[in-house]
Ligand SMILES: CC(C)(COP(=O)(O)OP(=O)(O)OC[C@H]1O[C@@H](n2cnc3c(N)ncnc32)[C@H](O)[C@@H]1OP(=O)(O)O)[C@@H](O)C(=O)NCCC(=O)NCCS
């Protein structure tokens, strides 16, 4: 039986990956049109403060992580994880781990001293995943939102 770790490549996202990113973003719980996703993705590809890595298994993209530099004038540079998702048929095989390590290395190279992420309280499996990677839950917060 094929193991995803064989033939698995972690690489920077390319414009041709948009259709896979769409499918995976829906799995993450975000419904977005193909046109919007492609437009936003292309902007991010051209921004050095952001990175999207994808996990490619054979010809198919089976996971992505988006990381960006979080800049505050009163703190050292930090990496913020915008999202991470692995295709539901490929989970618990080490792919998420590889994506996160790549984002961490990118952050180190960018001079960041820490990495943060926010995760919905209901995503219990993801919390175990983060804790196994050495993340600590340091704060409980409310998320306020307003349309502009
Ligand atoms: C969270 C997610 C990205 C993890 O990716 P993954 O490829 O399944 O994770 P890995 O296989 O690299 O897991 C590494 C470790 O995390 C833990 N882990 C991962 N998924 C787990 C689960 N469902 N339950 C318990 N532990 C889990 C395991 O300890 C695992 O190590 P092990 O295989 O040695 O036991 C993936 O499950 C996913 O896409 N979930 C849905 C989307 C999501 O919740 N994203 C995060 C939003 S905040």
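Derivation of every value follows stated rules applied to the coordinates shown; laboratory data play no part. Quantities reported herein were computed from a predicted structural model and do not represent experimental measurements. Using ideal geometry, Cβ is built from the backbone for each residue, glycine included, and neighbour counts are taken over all protein chains shown.
Going from the fewest other Cβ atoms within 10 Å to the most, the residues 26, 81, 65 appear in the order 26, 81, 65.
Look at the alpha carbon pairs under 8 Å that are at least 6 residues apart: their mean separation over the length of region 49-148 gives a relative contact order of 22 percent.
In the chain, the calculated helix contribution to ellipticity at 222 nm averages -10000 deg cm²/dmol per residue, counting -39,500 (n - 2.57) for every DSSP H run with n ≥ 4.
With neighbour counts taken as other beta-carbon atoms within 10 Å, the residues 127, 66 rank, fewest first, as 127, 66.
State the dimensionless ratio Rg/Rh of region 8-132 (Rg: radius of gyration of Cα atoms; Rh: Kirkwood radius).
Dividing the radius of gyration by the Kirkwood radius yields 0.95.
Counting only the Cα atoms, region 30-90 fills a convex hull of 124 Å³ per residue. Placing R0 at 22 angstrom, the Cβ-Cβ distance between residue 116 and residue 47 gives a FRET efficiency of 0.75 after rounding to 0.05. Given R0 = 25 Å, the distance between the Cβ atoms of residue 127 and residue 6 translates into a calculated FRET efficiency of 0.30.
Can you give the extra length, in nm with one decimal, that the chain gains between residue 16 and residue 75 once fully stretched, where that is 0.36 nm per residue apart less the Cα-Cα distance? Mind showing how you got there, number by number?
Working: separation 59, 0.36 × 59 = 21.24 nm, distance 3.65 nm.
My answer for the length gained is 17.6 nm.
The label-point distance for residue 141 and residue 36, in a model that sets each label 7 Å from Cα toward Cβ, rounds to 2.2 nm.
Rounded to the nearest 5, what is the percent of antiparallel bridges among the DSSP beta bridges in the chain? Provide the component values of the computation, followed by the final result.
Numbers: 21 of 25 bridges.
Bridges in the chain are about 85 percent antiparallel.
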